[in-house]
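Visitor: Just dropping this structure here.
The values are calculated or read from the model by the stated rules, or taken from the named source; none is laboratory data. Small disclaimer: the values here were computed from a predicted structure and weren't measured. Here the Cβ positions follow ideal geometry from the backbone for every residue, glycine too, while neighbour counts run over all protein chains shown.
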Amino acid sequence: MMKASVFTRPWLTSLLIAVPAVFCLAYRSASASEAPNSEAQFTIKLAAVAPEGTSWSDTGFNFRKYVEEKTGGKVRVVWYLGGIMGDEPDVFLKIRLGYLQGGGFTSGGLAKMVPETQILGLPFLFRDYNEIDYVLDKLNPRFQKLFGEQGFVLSGWLEAGRHYWFTQKPVETINDFRNSRMWAWKSDPVNIETNQALGCPLFTVGFPKLYDAIQAGQLDAFYSPLYAAAAMQWYVKSKYLIDLPFSYAPAAIVMDKKFLSSLPPQFQQVIQEAWNLYLPPLKNIIRSDNEKAFQAFGSHGMKIIKLDEKTVQAIKDKTYPIYQEQIDKLYPSWLLTGVLNALNEYRKTP
């Protein structure tokens, strides 16, 4: 395995790395990990859109090392990074077909497996990370059940961060959104609804092809967590960053339930132990990386736009109706009630 530091910190260096090298490197490292291992009795093939050298991939490699060492090489872990297995819905299908046994998923992939997860990305649902942590902890048993009913195991939550808008034109009013051709990820219905509510003309393209679309000038605005925009090099033509985190970008490790059940119990335990060990610290790392990315964008000359309170409220007023509109489309009313009750419970706690 070539453990490269493609996106190693410090950030001022990492933001200047060219993206083609990342995908090439991710492909070579995934191929190298296919080397035969005569000791292995089981092989776990996992995929993620995150390129090598990111905090996400570092965690994946730590997981692999732990599992292979603790099982004495009886379980082998192979990672396919940088989207070489396709968009997240493609990875979902490959798990269903048995070619992959799991992977790291963001909102689009999670929506394909369990549409109810889209509730976590409702616009302006959370005020801060403490609220997010509280709600996820409170509702985790319900989500575990929902994934289980679809034949998956929710091995643990991680995250991409909170979504911000990146634009090539200044956006300072509601009307300005209508002049911004915005990326639309068809696997991410809540954010599609959010941008449509603001009147944005949408341009649909898959997750792995977003960079090419930006480079080709097919769109002039997109939304993304800050660290992801840096790691995937999406920011390259953006001149403006709107300082308004408008939705949460959940992520999770999901594995095939049937495959896990086929493993000896001691191996199943090792796998879950590894996720329990490495996923919780990753949240704090990603949150720190997102903050560093924000500072780096500003220092590289991107203009940070701070919207006035009237405009922020107008945006919220246009997007809040999505909560009710998506009942029975993406999630049941009981789940929305559960999320809102958990939030109110947290906010009333001294």
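Visitor: Within the bounds of the stretch 79-94, is there any residue that is in contact (Cβ under 8 Å) with a residue 40 or more places away in the chain, more than 22 Å from Tyr211 (Cβ to Cβ) and in contact with a helix residue (DSSP H, G or I) (Cβ under 9 Å, 6 or more places away or on another chain)?
Guide: no
Visitor: Could you list, in sequence order, all residues of the stretch 123-146 that are part of a loop (DSSP other than H, G, I, E, B) and of a type in the set (A, V, I, L, M)?
Guide: Passing the criteria: only Leu125.
Visitor: Kindly provide the set of residues from the stretch 287-322 that are within 24 Å of the chain's Cα centre (by Cα), among the hydrophobic types (A, V, I, L, M, F, W, C) and part of a helix (DSSP H, G or I), ordered by number.
Guide: Ala293, Phe294, Ala296, Phe297, Ile315, Ile322 - these are the residues of the stretch 287-322 that are within 24 Å of the chain's Cα centre (by Cα), among the hydrophobic types (A, V, I, L, M, F, W, C) and part of a helix (DSSP H, G or I).
Visitor: Which of the following residues is in a loop (DSSP other than H, G, I, E, B), modelled with pLDDT of 95 or more and surrounded by 20 or more Cβ atoms within 10 Å (Cβ to Cβ): Leu120, Leu100?
Guide: Among Leu120, Leu100, only Leu100 is in a loop (DSSP other than H, G, I, E, B), modelled with pLDDT of 95 or more and surrounded by 20 or more Cβ atoms within 10 Å (Cβ to Cβ).
Visitor: Right, another one. In the stretch 175-229, what residues are among the basic types (Lys, Arg) and modelled with pLDDT of 90 or more?
Guide: Matches in the stretch 175-229: Arg178, Arg181.
Visitor: Could you go through the stretch 321-338 and let me know if any residue there is touching a Ser or Thr at 6+ places or on another chain (Cβ under 8 Å) and either of a type in the set (A, V, I, L, M, F, W, C) or modelled with pLDDT of 95 or more (or both).
Guide: Scanning the stretch 321-338 turns up at least one residue that is touching a Ser or Thr at 6+ places or on another chain (Cβ under 8 Å) and either of a type in the set (A, V, I, L, M, F, W, C) or modelled with pLDDT of 95 or more (or both).
Visitor: Related question: On the basis of being surrounded by fewer than 19 Cβ atoms within 10 Å (Cβ to Cβ) and under 28 Å from Val135 (Cα atoms), does Leu198 make the cut?
Guide: no
Visitor: Take the conditions crowded, with 22+ Cβ neighbours inside 10 Å and among the acidic types (Asp, Glu) and apply them to Glu131. Does it pass?
Guide: No: the conditions fail for Glu131.
Visitor: For the stretch 182-207, enumerate the residues that are hydroxyl-bearing (Ser, Thr, Tyr) and touching a Pro at 6+ places or on another chain (Cβ under 9 Å).
Guide: If the condition is that a residue be hydroxyl-bearing (Ser, Thr, Tyr) and touching a Pro at 6+ places or on another chain (Cβ under 9 Å), then Ser187, Thr194 are the ones that fit.
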